[in-house]
1. For the stretch 47-56, how many residues are surrounded by 20 or more Cβ atoms within 10 Å (Cβ to Cβ) and over 25 Å from ILE177 (Cβ atoms)?
2. Just name the residue that is surrounded by the fewest Cβ atoms within 10 Å (Cβ to Cβ) out of those in the stretch 243-257 that are assigned to a helix (DSSP H, G or I) and among the small types (Gly, Ala, Ser).
3. Can you name the number of the only condition in (1) touching a Gly at 6+ places or on another chain (Cβ under 8 Å); (2) outside any strand (DSSP E or B) that GLY78 fails?
4. Step by step: first the residues of the stretch 344-381, then only those that are of a type in the set (Ser, Thr, Tyr) and under 51 Å from the mean Cα position of the chain (by Cα), then the one that is modelled with the lowest pLDDT. Which residue is that?
5. Can you name the residue in the stretch 1-33 that is at pLDDT 95 or above and among the small types (Gly, Ala, Ser) and is also farthest from ILE302 (Cα to Cα) among such residues?
6. Please determine, by comparing only the residues of the stretch 184-210 that are within 20 Å of THR279 (Cα to Cα) and hydrophobic (A, V, I, L, M, F, W, C), which one is surrounded by the fewest Cβ atoms within 10 Å (Cβ to Cβ).
Amino acid sequence: MTLPRRMKFGIFLGPFHRHGQNPTLAIDRDLELIEWMDKLGFDEAWIGEHHSAGWEIIASPEVFIAAAARTTRTIKLGTGVSSLPYHHPLILIDRMVQVDHMTRGRAMFGVGPGALTSDAYQMGIEAEQQRPRMEESMAAIMALLRNDAPVTMKTDWFELRDARLQLRPYSDPCFHIAVASAFSPSGPVLAGRYGLGMLSVSAYAPGALTRMADQWKIAEDEAARNGQNMRREEWRLVLPIHIAETRQQAFDDVREGYAEWQAGYFQDTLGQPGGEGSTDIEAVANRGGAIVGTPEDAIDAIHRLDELSGGFGGVLGMAHECANREKTLRSYELWARYVAPQFQGSADSTRASREWVRGNRRTIFAPRQTAVLKAFTDAGIEVPEGVRDRMYRGAAALGDTLVTPSKPEEAPSTPAAGD
């Protein structure tokens, strides 16, 4: 498959914090992580919205983004994702436009139906209503963003009456919008209907990798029916990531934490079925549901994902605290130093320069050895033994034969007048 010229890399920050710890410090760590990723040159961070279950504790991604924007420079910041059924569409998109202005165009808008049914339950929203309401909200939001005329629309849960945005987006013509895609076809259908990006947030789940190409096909078919185009460079895959200097070290770093995360949150708290090997990070990584190992392993994994999916534009690490703080930060650093350059072209020119010099080193550097010795003989100074040996060894390494320059002959003296 054809990878994009410059793949995007970032993080999908639920976040996931073990319950029972200080939530204030946990949110501070999330902000520090985004700042670290900004320094390392990561492209983007997506921040989640959740209201229950005790692990994912950010209720307003917009508030978090506004705070993170003040201490970062270039990283783009998105809602990952805003739960559309929980908000009046005019209020939600108005806040996003404000965030777009406050970040000077670094805002992104990720949307979904709401990941936790417990959130919807507390608001009196039935599970079967979440996806239809998401579609209704998205229709209103896209009309507000794409139309200059006032929007009038009424559903059984919101109404727009001659509604319009009093601020247009800072980004021209609009900030990036992406739809979360998990297991159902609703996400790909909505992305295709409006020609939006797609976030495959369950790429790590059993069987998800084999369904990725099918989900993209659903989006493309819907786009064709609505006169839209889907762009693979705007498709991101989300899965757990941890890398270290050795493969064994990487697995040792996260083994216990990953098992606690999966068993303690997804199974014990949310009541999701575990399945064989679901808490075993090595088993998950071996089937492609996580990227764990060395930078070289990560590079190979991205190529395998490319083959399975048919092509995509970005990889987002699902933020976790399976490893300790130091090793977590080190993992992101190794990714930025050794993995990202292979897919973003940032090391191509330095690699080409090195290969050019290496391929022409005899032609370029061989004359230097003779030039150094000649400088001594021209000055009438005996070449120190150490310097002579170094020059001869340098010539031999280049496959050249060094000939010691002869001392220049002195010009005959001119007889003085009267001699």
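The values are calculated or read from the model by the stated rules, or taken from the named source; none is laboratory data. Worth saying up front: this structure is predicted, and the values here are computed from it rather than measured. Ideal geometry is used to build each Cβ from the backbone, glycine not excepted, and the neighbour counts take in all protein chains shown.
1. 1
2. GLY257
3. Here GLY78 meets the rest and fails (2).
4. THR370
5. ALA26
6. ALA205
Residue-by-condition table, conditions (1) under 17 Å from PRO15 (Cα atoms); (2) in the same structural domain as GLU49 (by TED's automatic domain parsing); (3) in contact with a Leu (Cβ under 7 Å, 6 or more places away or on another chain):
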position	(1), (2), (3)
ILE65	yes, yes, yes
ARG73	no, yes, no
THR79	yes, yes, no
SER83	yes, yes, no
MET102	no, yes, no
ALA107	no, yes, yes
GLY114	yes, yes, no
